[in-house]
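These notes are about the structure you will find just below.
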Amino acid sequence: MHSPCTRCCTHRVHNEDMRVPGDRRGAHPEPCERTYAVRNSPNSTEPNSTELDAAELNAAIENVHRAGIPGLFAEVRDGGQVWRGAAGVADVTTGRPVTADMRHRVGSITKTFTSAAVLQQVESGRIGLDAPIGRYLPKLVPGERGDAITVRMLINHTSGLAEYLPYAYPSLEAFPVAADTRPQSLDDHRHTRFDPVELIGMGVTAPAVGTPGGAPGVYSNTNYLLLAQLLEEVSGTTAELCITRNVIERAGLRDTGFPAGPYVDGPHSRLYEAWFGMIDPPRDYSVFDMSYAGPSASLISTVADLNRFYGLLLAGEIISPSSLAQMQRTGPVISQEGKTIDYGLGLYPMEGPGQGVFWGHGGTVWGGGALAMVRADGKRRMAVAVNLQRWNRFDAAGQPQPHPIDDALATLYRVAMYG
């Protein structure tokens, strides 16, 4: 739900979904596995390639684990070089180690996939990027709002439609005042099968959070559930199947897909949710019905697949260069943690002081988080997955307190992107 407030870069965005704070409780047994590797291919000395510092990456990922994340894993690429690392455990009870090839719920990283699928339909002429959503889905967004809200506004969160989640999860009713929320609904809805049309109705009928096309926009998952319904309308199949055929399979991603039920198939970590210290020790939510998120945040992937996908996307292999240029047109959006960020069409930028721009997305689910970023030239790529969320407790003013995890993750991101 929240964004990474990492200190490694001058972020032109803190995406809504990466730094959802958490807590170290539920500590892991020691010793923990350390898996590190650097592989060089014959073309690793290409002009834009930088030698990956394996020792620095190894230390950085280990320090995140020591700061309180039970387990995390990552892949960094630069030209033909590949570094993969994992530190900590996938299960705090058994001590089973995490490994870099694990599948993981990647949350709102899904939005880049969904956006790409919509833009493919724009290229084919089935969807007008600046056409009103009421033209396609008049029953879901009726009347003047349907005429005023365009497809583009849904993708870049400037529709003014409210977030549905606090209405679907009653204990989150106080959102966006996170200190007044409670985690009970997470347990209540662990196996709930939500109807996406009902979720959309919650967001559409809720008080508007802005005017269509207004600035800044307000991040809302309601937008992407509508985009999923739009894909279904124009493709004649489910949004998940449309995205799978046209984006996932086109990119050759072997370990990426939408869940058919509450389980993650294949090797994976348990996911530990602390909910700002209100769940102590953190609870395992790795088994969860993801219909509450659908094509806005339910995708399962690996760090290797994420790096491949974003590399191909920025190379113009998934959508056309002109569509990519549309994705990279950013504007101000208020994230779910109340920060003003730069956001494009399912894509956002990160930039370090005096460094190049990276493009990608972050994501969280209950207990899990991921961040994937690719340098604008496509050479350096980073994907990181963690198995704890919302580790920062609140102070008396209801603000998340700093935690050593924050700085440790910031350092890992900095080393992975610029080291």
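Identify which of Gly201, Gly378, Gly368 has the largest mean-square fluctuation in a Gaussian network model of the chain, with springs joining Cα atoms closer than 10 Å.
Comparing Gly201, Gly378, Gly368 in a Gaussian network model of the chain, the most mobile one is Gly201.
Could you work out what % of the accessible surface of the chain is carbon and sulfur, using a 1.4 angstrom probe and leaving DNA, RNA and ligands out of the count? Can you show the working numbers first?
Numbers: 7490 of 15070 Å².
Whole-percent figure for carbon plus sulfur exposure: 50.
Picking from Leu231, Leu140, Leu52, which is most flexible by a Gaussian network model of the chain using Cα springs under 10 Å?
Maximum among the listed residues: Leu140.
Considering the alpha-carbon set of region 239-288 alone, what are its Rg and its Dmax in angstrom?
15.0, 43
Could you work out the relative contact order of region 306-348, using alpha carbon pairs under 8 angstrom and six or more residues apart, expressed as a whole percent?
On the way: 40 pairs, mean separation 12.2, N = 43.
Once divided by the residue count of region 306-348, the mean separation gives 28 percent.
With the calculation restricted to Cα positions, what are the radius of gyration and Dmax of region 288-415 in angstrom?
Computed over the Cα atoms of region 288-415, radius of gyration and Dmax are 15.8, 50 Å.
Just to check I understand the Karplus step: with θ = phi - 60° and J = 6.51 cos²θ - 1.76 cosθ + 1.60, what whole-Hz values come out for region 345-361, glycine and proline as x?
So the Karplus estimates, Gly and Pro as x, are 9, x, 8, 9, x, 10, 8, x, x, x, 10, x, 7, 10, 10, x, 7 Hz.
Given Cα positions, please report Rg to Rh for region 67-124, the hydrodynamic radius being the Kirkwood one.
On the way: Rg = 16.5 Å, Rh = 14.2 Å.
Reported Rg/Rh, Kirkwood definition of Rh: 1.16.
Reported to two decimal places, what Rg/Rh ratio describes region 361-402 when computed on Cα atoms with Rh from the Kirkwood expression? Kindly include the intermediate steps, with their values, before the conclusion.
Numbers: Rg = 14.4 Å, Rh = 12.3 Å.
Result: Rg/Rh = 1.17.
Please tell me the relative contact order of region 332-419 in percent, rounded to the nearest whole number, where contacts are Cα pairs under 8 Å and at least six residues apart.
Over region 332-419, the number comes to 16 percent.
Over the chain, with the other protein chains present, what is the accessible area per residue in square angstrom, probe 1.4 angstrom?
Accessible surface, normalised per residue, equals 36 Å².
Return P(r) of the chain (all Cα-Cα pairs; 10 Å bins starting at 0; whole %; ordered from short to long distances).
Going from the shortest bin to the longest, the percentages are 5, 24, 35, 26, 9, 1, 0.
Using a 10 angstrom cutoff on alpha carbons, build the Gaussian network for the chain and name the most mobile of Pro353, Pro295, Pro400.
Among Pro353, Pro295, Pro400, the largest mean-square fluctuation in the Gaussian network model of the chain belongs to Pro353.
Taking the alpha-carbon distance from Lys139 and a cut-off under 25 Å, which lysines remain once sequence neighbours fewer than 8 residues away in the same chain are dropped?
Partners found: Lys111.
Using alpha carbons only, what's the Rg to Rh ratio of region 61-162 with Rh from Kirkwood? Kindly include the intermediate steps, with their values, before the conclusion.
Numbers: Rg = 21.1 Å, Rh = 17.3 Å.
Reported Rg/Rh (Cα atoms, Kirkwood Rh): 1.22.
The values are calculated or read from the model by the stated rules, or taken from the named source; none is laboratory data. Treat the numbers as computed from the prediction; the structure is a model and nothing was measured. When the accessible area is computed, the model is the full protein with side chains, heavy atoms only, and any ligands, DNA or RNA have been set aside. Shrake-Rupley method; radii C 1.70, N 1.55, O 1.52, S 1.80 Å.
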